[in-house]
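As structure tokens, the structure follows; a few thoughts come after it.
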Amino acid sequence: MLHSLTTSFFRVSLFMASNSKPQRLHQIAGGNVQASAVKRARTMATESALKAPFTKYVEYLNDLNEKRERVVKASRDVTMNSKKVIFQVHRMSKYNKEEVLEKAEKDLAAVTDQYVFRLVKELQGTDFWKLRRAYSPGIQEYVEAATFCGFCKNGTLLTLDEINNTLLPLSDPSLQPLQINILDYLLGLADLTGELMRLAIGRISDGELEFAQKICRFARDIYRELTLVVPHMDDSHDMKTKMEIMLQSVMKIENACFSVHVRGSEYIPLLGSDDPGSFLVGVADIEL
């Protein structure tokens, strides 16, 4: 009897043990699934939280690159049409000075109203320094054309404030307007001396010696003032390179004026010729 009860109890224990094992496995498996689901949900939440800022950053970079392309195109148009203004001024002679300068002023106003206006619309209200390299070449050429035209008409240097004031009407009053910075203005002045050199040679060829001497003094003053400023500039690599070219242009103007003054007006017909006796042998031809 006792043996039968013991045997029955043992069988019941085995049965209960065999039934509880799958239940425990199911509970463990269920716990793992639940933990995995929680982990997956946390991962998705983290990815979603990180994705939003990166998406905005990608959109910002794409917009900036597209704006840069538009600014580069507008800058090229400003450069090309500013050069046309410079070429127009070089057509000046003592017989048509007023007519040529009047046409040059109208052309410069057209550059401002059409092409610089496009730059202003793209850049107003933004951080100009982020895209400065994209539009700087066009602005430098525009400064060169404006100061060149201003000198030939008034005999004075057009200041940075005067140029920037002409850009204010192009801007939305509620936004920060595009203003030419001092570096681009000085780089434009550095290029101006090359055009002054060509102008001086042309004026000597026409017998306008006093005008050529005035150009010489003007170019010399610009170079002298810049030699005082450039050493103290932070971003002056481009400026230092242009200063060397400026010095060559000033020296060519001085040599031309000095030679005419010393050797006499009979040498004026030799200007720009390949005659070995010409004091301008080696001077670059005037490009019109």
Next on the checklist: Restricting to region 88-138, count the residues that are over 27 Å from residue 171 (Cβ atoms) and touching a Leu at 6+ places or on another chain (Cβ under 6 Å).
Outcome noted: 1
Item to check | Unique residue being surrounded by fewer than 22 Cβ atoms within 10 Å (Cβ to Cβ) and within 25 Å of residue 238 (Cα to Cα) when the list is 70, 91, 118 | outcome: 70
Checklist entry - Which ones in region 163-183 are within 19 Å of residue 133 (Cα to Cα), of a type in the set (A, V, I, L, M) and either surrounded by 13 or more Cβ atoms within 10 Å (Cβ to Cβ) or touching a Pro at 6+ places or on another chain (Cβ under 6 Å) (or both)? => result 178, 180, 183
Checklist entry - Listed residues 140, 124; which is surrounded by fewer than 20 Cβ atoms within 10 Å (Cβ to Cβ) and polar (S, T, N, Q)? => result 124
Item to check | Filter result for the condition that a residue is crowded, with 18+ Cβ neighbours inside 10 Å, touching a helix residue (DSSP H, G or I) at 6+ places or on another chain (Cβ under 8 Å) and farther than 20 Å from residue 92 by Cα, over 192, 186 | outcome: 186
Checklist outcome for this item: Only unsatisfied item for residue 152, checking (1) of a type outside the set (Lys, Arg); (2) closer than 18 Å to residue 67 by Cβ; (3) surrounded by 16 or more Cβ atoms within 10 Å (Cβ to Cβ); (4) out of contact with any Ser or Thr (no Cβ under 8 Å at 6 or more places or on another chain), is (2)
Checklist outcome for this item: Those residues of region 188-239 which are under 22 Å from residue 163 (Cα atoms), under 26 Å from the mean Cα position of the chain (by Cα), assigned to a helix (DSSP H, G or I) and of a type in the set (A, V, I, L, M, F, W, C) amount to 189, 190, 192, 196, 219, 222, 226, 229, 230, 239
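Each reported figure results from applying straightforward, stated rules to the coordinates on display, with no laboratory input. These figures come from a predicted structure and were not determined experimentally. When we count neighbours, we look across all protein chains shown, and the Cβ atoms used for this are built from the backbone with ideal geometry, even at glycine.
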